[in-house]
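What follows draws every value from the coordinates through simple rules; no lab data is involved. Since the model is a prediction, treat every value here as computed from it, not as a measurement. When we count neighbours, we look across all protein chains shown, and the Cβ atoms used for this are built from the backbone with ideal geometry, even at glycine.
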Amino acid sequence: GYNMGMQNVQLETLRHKLDDNQELVKSHLASLRETTRANYDSLRRLHNEHHRLILDEIKENDEKLTTKFVSYGSTFTANEETMRDLIKQHFESLQKHVDDRLENIKDTIKICSLIRS
């Protein structure tokens, strides 16, 4: 009687923990998707702005184009690398958090299995 009741309480608590972890993992994955999408949108905007600046320079002053192009290209490349690094860092951070949550879920399932045995 009592032990069976405690076991049910423990199982219900573990089920709630599993549900919470599942929602947290879903939330982190959604955040990761949104962040990645936003970062790629930013990269696309940077690329379009870079392209527009180059075209403006061609129209305004052809003899300065080579110098400006190299400068803008270097700036764009540096910005792109920085953005890639930030995306990678954010992705790895979220991936680690998701992995930790998945391990937590696995451990909780193992505990459930042990309690039921």
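Here are the numbers:
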| read-out | value |
| --- | --- |
| Lysine pairs with alpha-carbon atoms under 26 Å apart, the chain, spacing 8 or more or separate chains | 12 |
| Calculated FRET efficiency for the pair residue 37/residue 110, C-beta based, R₀ 35 Å, to 0.05 | 0.50 |
| Relative contact order computed over the chain (Cα-Cα under 8 Å; 6+ residues apart), in percent | 48 |
| Extension reserve of the residue 47-residue 60 stretch, reckoned as 0.36 nm per residue once the Cα distance is removed | 2.7 nm |
| 3J(HN,Hα) from dihedral phi, the stretch 6-20, Karplus parametrisation 6.51/-1.76/1.60, rounded to Hz, x for glycine, proline | 5, 4, 5, 5, 5, 5, 5, 4, 5, 4, 5, 4, 4, 4, 4 |
| Helix axis angle, 65-116 relative to the chain longest principal axis, alpha carbon, degrees | 0 |
| Linear extension gain, residue 7 paired with residue 74, 0.36 nm per residue minus alpha-carbon span | 17.7 nm |
| Within the chain: Cβ-based charge dipole about Cα centre, in debye rounded to nearest 20 (Lys, Arg +1; Asp, Glu -1) | 480 |
| The stretch 42-81: C-alpha gyration tensor shape, a/c 1.5 cut-off, then a/b vs b/c | oblate |
| Calculated over the chain: convex hull of Cα atoms, volume per residue (Å³) | 65 |
